[in-house]
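First comes the structure, then the notes that go with it.
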Amino acid sequence: MYNAGLIVGIITCFACVLIFAAVIIKMAHTDGAKPKYDERQQVARGKGYTYAFYTAAVFAIIPCFIPEGIKVFLGDMLYFIPLLAGMLVHITYCIFNDAYMEMNLDPKRFVCIFTCIGIANLLIAFANCKDGFIEDGSLKTGVINLSMGILFMIIMLEVFIKSRLDAKEVEEDEESEA
């Protein structure tokens, strides 16, 4: 049986995370409002969700075909990999189709927030796994934080690449007009 202090602690932590998330979301938008997407972005996001769903579905089926030893080794990550794969596909598709950042989102704040989240996840992962990422023949749950940190760093890399591609495109357009 769980003690009351543990339950209160979990509820309090969950409430703090929700409040923190709400503040971060409000800070990221230039007008403090909810996200605004144009029609083109909504269509692209819909396609991104479709691709993400099918990716996650395929990754969710894979454990049916892998040996038991690998399932034991992957531990909790076995159930997290489909989610990560789906998120990566959706985010990548949306970034490269100009549908990830809302119209009222401040890109500098977005990059700052996501970089901080990524670094925080990496620090948590390394703090939880000082003795290594494997315990009793399976991956520790700290690997989930490591994978999320890596995911956020990949997102930032994609945003950087996309911004460079857009800047190059604008530069080429200006040269062709001159």
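Of the residues in segment 83-99, none is open to solvent by 80 Å² or more (accessible area, probe 1.4 Å), outside any helix (DSSP H, G or I) and not polar (S, T, N, Q). Take the conditions (1) in contact (Cβ under 8 Å) with a residue 40 or more places away in the chain; (2) open to solvent by 30 Å² or more (accessible area, probe 1.4 Å); Glu135 misses just one of them, which is (1). Cβ separations smaller than 6 Å between residues 6+ apart or across chains give no pair from segment 155-171 residues that are farther than 12 Å from Phe96 by Cα and open to solvent by 40 Å² or more (accessible area, probe 1.4 Å) to residues that are β-branched (Val, Ile, Thr) and part of a helix (DSSP H, G or I). Going residue by residue through segment 122-129, is there one that turns out to be touching a Lys or Arg at 6+ places or on another chain (Cβ under 9 Å) and free of Cβ contacts under 8 Å to residues at least 24 places away in the same chain? Within segment 122-129, one or more residues are touching a Lys or Arg at 6+ places or on another chain (Cβ under 9 Å) and free of Cβ contacts under 8 Å to residues at least 24 places away in the same chain.
Rundown of residues vs (1) within 26 Å of Val17 (Cβ to Cβ); (2) of a type in the set (Phe, Trp, Tyr); (3) under 20 Å from the mean Cα position of the chain (by Cα); (4) not in a helix (DSSP H, G or I), yes/no style:
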residue	(1), (2), (3), (4)
Glu102	yes, no, yes, yes
Cys112	yes, no, yes, no
Ile119	yes, no, yes, no
Lys168	no, no, no, no
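When segment 24-64 is filtered for residues that are over 18 Å from Ile95 (Cα atoms) and modelled with pLDDT of 75 or more, the ones remaining, listed by number, are Tyr54, Ala56, Ala57, Val58, Phe59, Ala60, Ile61, Ile62, Pro63, Cys64.
The values are calculated or read from the model by the stated rules, or taken from the named source; none is laboratory data. The structure presented is a predicted model; accordingly, all values stated were derived computationally and were not measured. Positions of Cβ are backbone-derived with ideal geometry, glycine not excepted, and every protein chain shown enters the neighbour counts. The accessibility values were calculated without ligands, DNA or RNA, using every heavy atom of the protein model including side chains. Shrake-Rupley method; radii C 1.70, N 1.55, O 1.52, S 1.80 Å.
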